[in-house]
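The values are calculated or read from the model by the stated rules, or taken from the named source; none is laboratory data. Predicted, not measured: the structure shown is a model, and the values here were computed from it. Methodologically, a virtual Cβ is constructed for each residue, glycine included, from the backbone with ideal geometry; neighbour enumeration extends over all protein chains shown. What goes into the accessible areas is simple: the full protein's heavy atoms, side chains included, and nothing from ligands, DNA or RNA. Shrake-Rupley method; radii C 1.70, N 1.55, O 1.52, S 1.80 Å.
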Amino acid sequence: MAPPPRLAAPLLLLLLVGACGSAARADLVISRADRKVDLTSHIVRVLTSLKVENAGSEPVSKVLLAFPNIQSKNLAAIRAFGTEGKVKGLSSILPIEVVEPSGVPPELTFFSALLNKPLEKGKILHLDVLTVFTHFLQPFPEEITQADSQLVVFQDSSHYLSPYPVKVQTLSIRLPGGRVESYTKYGNTKLVESELKYGPYEDVPPFSYNPIIVHFENNNPFAVAKELIREIEISHWGNVQITEHYNIVHGGARLKGEFSRLDYQSRPNARGVSSFRHLIARLPPRAHSIYYRDEIGNISTSHLWSDSKKTQLEIEPRFPLFGGWQTTFTIGYGLPLEDFVFSSDGRRFLNITFGSPMEEILIEKLIVKVVLPEGSKDFDVSAPFPANQWQEYSHLDIAGRPVLILEKADVIPEHNLHFQVYYKFNNISLLIEPMMLITGFFLLFVACIAYMHTDMSISKNSPSYLAKLQWDE
């Protein structure tokens with residue numbers, strides 16, 4: 001087997017060359033940096049705990065965070081939490097924004113964590129930064145047979161890439177278990193069970209980059225939704241109907257050769273270890289009228305568990321998914337209106353989660369459609385993150401129901417937060433459709449009565465007219 005791909009040498013050179021004068025102007029010093037990387041899923045999560053000290057004479061109102069462009073293009077989410085003091089206390093969320101400092105290498109992307117109040121001279125800030133990356137683990141080899149395990153490559157730096165000097169730092173990488181083909185070894189590197197540790201490193205200069213490559217086994221589901229259309233329909237008769245249309249592909253190493261169902265059914269753990277057959281959706285507690293179907297029809301191979309805290313739906317597609325295989329299906333369920341629609345200041349608002357209820361799924365394109373009741377007006381959306389928004393009207397009612405549409409790319413479980421849709425609605429509008437039906441039936445009966453008492457004959461000498469007279473007599 002060929003060795004894993006190496007990091008580009010020109011990139012490392014530029015990182016090291018452009019570092020010295022660009023960030024030396026900062027008065028901040030990182031006393032300690034501890035990074036924990038979670039590689040147990042195909043979604044990579046990195047938690048960086050920083051102890052930042054202001055060694056200058058002026059207050060500092062922001063902390064810069066640097067990432068190589070090859071990493072930032074796969075950055076799906078970044079969050080920062082900070083607290084000031086020698087002892088770490090209750091943290092508060094800090095705003096994050098993209099910045100472009102002058103004099104820094106163009107191969108880097110910078111974010112700025114804005115502090116709630118300036119950090120004074122000699123003060124200490126405890127900063128936790130959570131970053132989530134997608135498409136960060138690369139299958140190697142890219143094609144495997146049905147009996148092979150899936151091997152992936154992770155590339156990073158054992159040094160924390162920082163625009164500030166770091167006194168002490170460590171790196172811990174959590175692996176999913178199984179075999180480890182190879183990993184970059186330095187003097188202070190050790191592998192203990194399923195955890196790989198680098199460091200501690202002392203007195204590391206700014207922008208230090210020490211490349212590492214880890215080649216390991218990861219057979220966890222690489223579930224990627226190429227597109228998910230999520231429809232949320234509000235009915236003030238007491239129900240919120242959810243319909244989700246999935247187009248899912250296995251994003252891991254592609255299957256090479258033929259697939260043998262006989263081998264898979266006889267030894268699924270040996271002849272299909274890299275595939276996945278089940279997906280789990282965690283629905284709200286009082287979900288009801290749950291169904292699961294695909295283009296052929298209803299799929300009965302699903303299991304449902306429910307209690308007072310959650311409703312768990314385990315679905316099984318018609319065939320196992322190997323690398324490169326895809327499937328489409330639809331799940332739907334109803335929710336009680338009173339659990340998700342509320343009133344405030346003369347307006348109503350929907351409060352519901354944004355993303356998919358599926359566990360550990362990456363959604364490359366998510367479209368959320370919120371169908372409001374007919375007669376709604378003055379509507380707007382409040383989301384915890386940027387998303388493309390527009391509106392249209394459905395054509396299934398009298399004047400059309402407002403439909404608010406949100407679209408976002410690279411949606412991960414961390415995006416499954418609550419968002420709100422505000423609108424005004426008069427309860428009298430509930431009577432429009434019943435009155436329309438009553439009026440329609442009334443006019444139909446009047447038309448039938450008028451037809452029965454209307455003389456439709458053309459001539460009094462016609463056989464039909466004479467027959468009618470004879471019948472009346």
Can you count the Lys pairs in segment 223-429 whose Cα atoms are under 22 Å apart, with each pair 8 or more apart or on different chains?
9
Accessible solvent surface per residue of the chain, calculated while the other protein chains remain in place, 1.4 angstrom probe, Å²:
52 Å²
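Quick check: residue separation of Asp345 and Ile96 times 0.36 nm, minus the Cα distance between them. What number comes out in nm?
Full extension from Asp345 to Ile96 adds 86.5 nm.
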Helix-only estimate, please: 222 nm mean residue ellipticity of the chain, summing -39500 (n - 2.57) across DSSP H runs of length 4 or more and dividing by its residues, to the nearest 500.
-3000 deg cm²/dmol
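Using the Cα atoms as the points, what is the convex hull volume per residue of the chain in Å³?
It is 254 Å³ per residue.
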Under 16 Å from the Cα of Lys190 - lysines, other chains or at least 8 residues apart
Lys36
What nm value, rounded to one decimal, do you get for the distance between Ser61 and Thr301 when each label is placed 7 Å out toward the C-beta?
6.0 nm
Once both labels are modelled 7 Å past Cα along the beta-carbon direction, what's the Met436-Asp378 spacing in nm?
2.4 nm
Dipole magnitude of segment 28-217 about its Cα centre, charges +1 at Lys/Arg Cβ and -1 at Asp/Glu Cβ only, in debye to the nearest 20?
700 debye
Taking a label point 7 Å from the Cα of Tyr291 along Cα-to-Cβ, the residues of segment 231-256 whose backbone nitrogen sits under 13 Å from it are 242-244
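How much length, in nm to one decimal, is gained on full extension between Asn427 and Trp325, taken as 0.36 nm per residue of separation minus their Cα-Cα distance? Working shown, then result.
Values: separation 102, 0.36 × 102 = 36.72 nm, distance 4.84 nm.
Length gained, Asn427 through Trp325: 31.9 nm.
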Using only Cα atoms, locate the centre of segment 35-60 and the centre of segment 62-103, then give the distance between them in Å, rounded to an integer.
8 Å
If you find the alpha carbon centre of segment 345-370 and of segment 104-154, how far apart are they in angstrom?
25 Å
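Give the whole-number value, in cubic angstrom per residue, of the convex hull volume spanned by the C-alpha atoms of segment 223-429.
Details: hull volume 29.3 nm³, N = 207.
Cα-based convex hull of segment 223-429, divided per residue, equals 141 Å³.
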If you add up the charges near Arg230, with Lys and Arg at +1 and Asp and Glu at -1, over every other residue whose beta carbon is less than 13 angstrom from its beta carbon, what do you get?
-2
Counting only protein heavy atoms and a 1.4 Å probe, tell me what percentage of the chain's accessible area is made up of carbon and sulfur.
55 percent
Relative contact order (percent) for segment 223-429, with alpha-carbon contacts under 8 angstrom and 6 or more residues of separation?
26 percent
What does the charge add up to near Thr83, with Lys and Arg as +1, Asp and Glu as -1, over the other residues with Cβ less than 13 Å from its Cβ?
+3
State the extension gain, in nm to one decimal, for the chain segment bounded by Glu195 and Leu466, taking 0.36 nm per residue of separation less the distance between their alpha-carbons.
87.5 nm
Net charge around Ser49, counting only other residues with Cβ within less than 12 Å of its Cβ (Lys, Arg = +1; Asp, Glu = -1)?
+3
If we restrict to alpha carbons, what Rg and Dmax does segment 28-217 come to, in Å?
17.6, 63
If I model a spin label at Met452 and Glu414 as a point 7 Å from the Cα along the Cα→Cβ vector, what separation in nanometres do I get?
7.2 nm
